[in-house]
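Input: a single structure, listed below in structure tokens.
We did not get these values from a lab; they are worked out from the coordinates using the rules stated. Being a predicted model, the structure only gives us computed values, none of them experimental. With ideal geometry, Cβ positions are generated from the backbone for all residues, glycine too; neighbour counts draw on all protein chains shown.
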Amino acid sequence: MSLIPDDKKEQYKQEFREKLESPVKIVMFTQEIECRFCSETRQLIREVAELNEKITVEVYDFMADAAKAKEYGVEKIPALAVVGERDYGVRFYGIPYGYELQTLKEAIVSVSRGRTDLSDKTKVILADVKAPVHIQVFVTLTCPHCAAAAAVAHKLAVESPLIRADVIDSNEFPALAQKYAVIGVPKVVINEKVEFMGAFSEDLFAEYVLLGAF
């Protein structure tokens, strides 16, 4: 049975046809034993790849392909890296389903184009980021506001080579959610020292990123 509804398939097909420019590779790390949603995640990304010829999928075993996992900075599964002409640091941990299917779609478009629709104001703020930044956005698949925050984080990573953005399903990784005291979503953690909760405007999000870079 297909995981993507037929109406969504047609919608995404049209959007991919109109917006995709360069090829996109979805790199997945999985392990059948002790990975709750690995098989479903693999099925989902393969269904997504069938929607446009510019999208391809690579699947690796987290343990057997440990060197490849290290190359992509992957330490937990299921993990997805959305890679274009270069690796922009766009990651998703967990199955990108429910509202987060939109996050995956937006990531594919941004990575394919190698640019985003972020405002000039936001881009000016990002130009001042001079040190590596790791953004973690904790979401749930049923949160209607999470996809917006997740999409902004991924777009910030596409725009700046110093930014890596992880979107994490907090229900899939409860220990990590507990570590960062995730009591509501979206919860954003930047470089382990700056955090906020809620879907902020993109320029304010970028200001927090800049704060976390110092």
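Based only on other Cβ atoms within 10 Å, what is the fewest-to-most ordering of SER110, SER201?
Details: SER110 25, SER201 13.
Going from sparsest to densest Cβ surroundings: SER201, SER110.
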Practice problem: Rounded to the nearest Å, what's the spacing between the alpha carbon centres of the stretch 150-214 and the stretch 39-54? Just the number, please. | Solution: 26 Å
Self-check item: Proximal lysine pairs, the stretch 120-212, alpha carbons under 19 Å, eight or more residues apart or interchain
Solution: 8
Quiz item: Which percentage, to the nearest 5, of the DSSP beta bridges contained in the stretch 6-88 is antiparallel?
Solution: 40 percent
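Could you tell me the ratio Rg/Rh of the stretch 6-88? Both radii from Cα atoms, Rh via Kirkwood. Write out the running numbers ahead of the final one.
Numbers: Rg = 13.7 Å, Rh = 13.6 Å.
Value, to two decimals: 1.01.
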Quiz prompt | the chain: relative contact order in percent, alpha carbon pairs under 8 Å with at least 6 residues between | solution = 19 percent
Quiz item: Hey, could you pull the Cα Rg and Dmax for the stretch 120-212, both in Å?
Solution: 12.4, 38
Quiz prompt | For the chain, built as a Gaussian network whose Cα springs stay under 10 Å, the top-fluctuating residue of ARG42, ARG17, ARG164 | solution = ARG17
Exercise. Calculate the length of the line joining the C-alpha centroid of the stretch 61-87 to that of the stretch 4-23, in whole Å.
Key: 25 Å
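Can you tell me what share of the DSSP beta bridges in the chain is antiparallel? A percent to the nearest 5 is fine.
On the way: 17 of 35 bridges.
Of the beta bridges lying entirely in the chain, close to 50 percent run antiparallel.
What number results when the radius of gyration of the chain, computed over Cα atoms, is divided by 2.2 N^0.38 Å?
0.95
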Quiz item: Which of LYS13, LYS70, LYS54 moves most in a GNM of the chain, Cα contacts under 10 Å?
Solution: LYS70
Quiz item: Helix-derived [θ] at 222 nm for the chain: sum -39500 (n - 2.57) over DSSP H runs of at least 4, divide by residue count, nearest 500?
Solution: -11500 deg cm²/dmol
Exercise. Below 14 Å Cα-Cα, how many Lys pairs turn up in the stretch 6-88? Only count pairs eight or more apart in sequence, or on different chains, if you could.
Key: 4
